[in-house]
Amino acid sequence: MTPLLSVRGLTKRYGPRIGCADVTFDLFPGEVMGIVGESGSGKSTLLSCLAGKLPPDEGAVIFDTRGDGPRDVLKMSEPERRMLSRTDWAFVHQNPRDGLRMGVSAGGNVGERLMAVGARNYGRIRAGAADWLGRVEIAADRIDDRPTAFSGGMQQRLQIARNLVTGPRLAFMDEPTGGLDVSVQARLLDLIRSLVRELGLSAIIVTHDLAVVRLLADRLIVMKDGRVVEAGLTDQVLDDPQHGYTQLLVSSVLQV
Amino acid sequence: MNDYNFAYLDEQTKRMIRRALLKALAIPGYQVPFASREMPMPYGWGTGGVQVSAACMIPEDVFKVIDQGADDTTNAVSIRKFFEKTAGVATTERTAEATVIQTRHRIPERALTEDQILVYQVPIPEPLRFLEPRETETRKMHALEEYGLMHVKLYEDIARHGHIATAYAYPVKVEGRYVMDPSPIPKFDNPKLRSAAIQLFGAGREQRIYAIPPFTDVVSLDFEDFPFDPSAAPHPCALCGAEGAYLDEVIMDDAGGRMFVCSDTDFCRERRAAGHVGAMGAPYEEDAA
């Protein structure tokens, strides 16, 4: 089976400091991978490098494209990469303000990606937007409201709808549940889980919340100081941590 | 004898602007940066248009200035006087006689010819500005032809108003490539952007020049199920009876009396001189106005 995404020796330095170093892994179709680690461990740097938002210094990110098979994303031209990031990729930001256009209605936000790939029929764009708002549990009568009038949880769900409307195969999520209260968080997790199952979506989820990865991720990478210190099946890593840092991380979770 | 260099600008500046104009004509719709000069008028009063006019003007030119269709408003009168004084060129109010026409917010009703140049004053040349505030990003979007965002604006219009409510500065695609702001002309004028005349656009404050060469394809953006509609007024001109011209609404009194008259004053005069009389018009006399 061809991996959807394979990462080889990815390294990013900020001057003399290390952002992330020598990261290597494969992600298979339909798989959800969690990246955990403390603040400053290089999780977000890694995600930005993978999604083409930050140029890494070394390494390769090979994506199995629909048309041409596996290709190194870092060697693609910018138009190709941008095309990829609005069709086959999704990027869910931690703060919905970074991923949404706050001055544009919910329907326009979802429709933007459709229009960006050439949809020019208002009726069909609107129907597509309405369908996706329904799937992320946003009431149909809110389609013309701006995201500024939405709660944090709704904004996050809108961001997910906006990203998934073009049927991407790979989603990058940066702390998708950060900053939400627990009950909203739980429903968002349910939603993400069902969407991933339904669409056969692969995802890379960066988080510091072990409960989130326990629920969503099939496999787990633990990062510390820019390096991968442990990798494996989620349950295996969380129930039987081998590396000292992972043991510390798992034992630091507050029990209610 | 006057102490100004011909058409106010020094020769080096005119060369710089002409280079920008040639580049703009070579890449229709592309915004060419140029080193806009301080002009003896405030930004927003047509400094871009004046610099473009100065750069392409020759002593034999006949110059006309339009401000919102009219020749007799402040902006038009002062720019016309400016070139009378600094270039000594002949000026006219008649579209047919002019060789260089500087305009603000209108395209003349009379079809222009190969011998004419139409110069637009442009306040904000970037059609994507209010959707994407970063210039670095909008330039990249133009370079990569990523124009989905422009349709988001039209989508928002339909979602909110039930139709495309953008009535002026309606975005167009030039020669199938660049999306361009046609300056704040009414969308009624958009079909006239395909013209026999050279069309030059100058934005002084924003330091950009762009152009549409003669007979270039200019398409107003729209949706398949909400096609572009130039929306002509339903009444004829009250003075000359013209139908299908762009009209101004003139309030007559405090009781709600109003009349609709051609916004293009020269077009209206010409029609009245030819004997057309509208519902509220009087027979034309040469020295009347």
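For the stretch A:123-136, putting each phi into the Karplus relation 6.51 cos²θ - 1.76 cosθ + 1.60 with θ = phi - 60° gives couplings of x, 6, 4, 5, 5, x, 5, 5, 4, 6, 4, x, 5, 9 Hz, in residue order, rounded to whole numbers and with x for Gly and Pro.
Helix-only mean residue ellipticity at 222 nm, chain B, DSSP H runs n ≥ 4 weighted -39,500 (n - 2.57), per residue, nearest 500. What is it? Intermediate results must be reported in sequence, preceding the final value.
Details: 6 runs with 71 residues, N = 289.
Mean residue ellipticity at 222 nm (helix-derived): -7500 deg cm²/dmol.
Computed on the Cα atoms alone, the convex hull of the stretch B:168-289 gives a volume of 174 cubic angstrom per residue.
So how do A:155-164, B:95-104, A:178-187 stack up, highest first, on mean other-Cβ count within 10 Å? Don't skip to the end; give the middle numbers.
On the way: A:155-164: 24.6, B:95-104: 21.9, A:178-187: 14.1.
Highest mean packing first, the order is A:155-164, B:95-104, A:178-187.
Which of the GluC sites (Glu not before Pro) found in the stretch B:166-260 are in a DSSP loop and have at most 13 neighbouring Cβ atoms, other than their own, within 10 Å? Qualifying residues, ordered by number: B:GLU224, B:GLU243. Taking square-rooted eigenvalues a ≥ b ≥ c of the alpha carbon gyration tensor, is chain B rounded, prolate or oblate, where a/c under 1.5 means rounded and, failing that, a/b exceeding b/c means prolate? Oblate shape, in that a/c is at least 1.5 and b/c is the bigger or equal ratio.
In chain A, Cα pairs under 8 Å separated by at least six residues give a relative contact order of 26 percent. Percent of C-alpha pairs per 5 Å bin in chain A, short distances first: 1, 6, 13, 17, 19, 17, 13, 8, 4, 1, 0, 0.
Taking 1 over the mean of 1/r across every pair of different Cα atoms in the stretch A:144-222, what Kirkwood radius in Å do you get? This gives a value of 13.2 Å.
Per residue, how big is the convex hull of the protein assembly as shown when only Cα atoms are used? Give it in Å³. Walk me through the numbers before you get to the answer.
Details: hull volume 105.4 nm³, N = 545.
Per residue, the Cα convex hull of the protein assembly as shown comes to 193 Å³.
What the Cβ-Cβ distance of A:ARG187 and A:ASP57 gives, at R0 = 45 Å and to the nearest 0.05, is a FRET efficiency of 0.65. Beta bridges per DSSP, both residues in the protein assembly as shown: antiparallel share near 55 percent. Counting only DSSP beta bridges with both residues in chain A, the antiparallel share comes to about 55 percent. Against the main long axis of the alpha-carbon atoms of chain A, helix A:152-164 sits at an angle near 90°.
For the segment B:143-156, counting C-beta atoms of other chains within 10 Å of every residue's C-beta and taking the mean gives 6.
Grab the beta carbon distance between A:ARG124 and A:ASP22, set R0 = 60 Å, and tell me the FRET efficiency rounded to 0.05.
Values: r = 46 Å, r/R0 = 0.77.
Computed FRET efficiency for A:ARG124 and A:ASP22 comes out at 0.85.
Loop-located trypsin sites (Lys or Arg not before Pro) in the stretch A:42-87 (DSSP state other than H, G, I, E, B) with a sparse environment of at most 10 neighbouring Cβ atoms within 10 Å: A:ARG66.
Rounded to the nearest 500 deg cm²/dmol, what is the calculated helix-only ellipticity per residue at 222 nm for chain A, with -39500 (n - 2.57) per DSSP H run of length n ≥ 4?
Details: 10 runs with 99 residues, N = 256.
That comes out to -11500 deg cm²/dmol.
Checking the table A:LYS53/A:LYS224; A:LYS53/B:LYS187; B:LYS23/B:LYS173; B:LYS23/B:LYS140; B:LYS81/B:LYS153 against a 30 Å threshold on Cα-Cα, which pairs fail?
Details: A:LYS53/A:LYS224 22 Å; A:LYS53/B:LYS187 38 Å; B:LYS23/B:LYS173 18 Å; B:LYS23/B:LYS140 19 Å; B:LYS81/B:LYS153 40 Å.
Those over the limit are A:LYS53/B:LYS187; B:LYS81/B:LYS153.
Tell me, what is a quarter of the convex hull surface for the C-alpha atoms of the stretch A:100-167, in nm² with one decimal? Can you show the working numbers first?
Details: hull surface 15.7 nm².
With the hull built on Cα positions only, its mean projection is 3.9 nm².
Please identify the chymotrypsin sites (Phe, Trp or Tyr not before Pro) of the stretch B:131-223 that satisfy two criteria: DSSP loop assignment and at most 16 other Cβ atoms within 10 Å. Which are they? Please report the intermediate quantities before stating the final value.
Values: sites: B:TYR147, B:TYR155, B:TYR168, B:TYR178, B:PHE188, B:PHE201, B:TYR210, B:PHE215, B:PHE223; in loops: B:TYR147, B:PHE215.
Hits after loop and neighbour filter: B:PHE215.
Each residue, B:ALA273 and B:GLU224, gets one label point 7 Å from its Cα in the Cβ direction; the gap between the two is 5.0 nm.
Charged neighbours of B:GLY48, selected by a Cβ distance under 12 Å, balance to +3 (K, R count +1; D, E count -1).
Taking the alpha carbon gyration tensor of the stretch B:1-128, what are the square roots of 5 times its eigenvalues, largest first, to the nearest whole Å?
Details: eigenvalues 80, 70, 45 Å².
So the three semi-axes of the stretch B:1-128 are 20, 19, 15 Å.
Here the spin labels are modelled as points 7 Å beyond Cα on the Cα-Cβ line, and at B:LEU144 and B:VAL77 they lie 5.1 nm apart.
Pairs of alpha-carbon atoms within less than 8 angstrom and 6+ residues apart define the contacts here; what relative contact order does the stretch A:100-167 have, in percent?
Working: 78 pairs, mean separation 32.6, N = 68.
Over the stretch A:100-167, the number comes to 48 percent.
Relative contact order of the stretch B:101-204, taken over Cα pairs closer than 8 Å and 6 or more residues apart, is 42 percent. The calculated FRET efficiency for the pair A:ARG227 and A:VAL250, based on their C-beta separation and a Förster distance of 25 Å, comes to about 0.85. Separation of the stretch A:148-225 from the stretch B:38-58 is 54 Å, based on Cα centroids.
Local charge for A:GLY108 was computed over the other residues whose Cβ lies under 12 Å away, with Lys and Arg +1 and Asp and Glu -1, and equals +2.
Every number here is computed from the coordinates shown, using simple stated rules; none is lab data. Worth saying up front: this structure is predicted, and the values here are computed from it rather than measured. With ideal geometry, Cβ positions are generated from the backbone for all residues, glycine too; neighbour counts draw on all protein chains shown.
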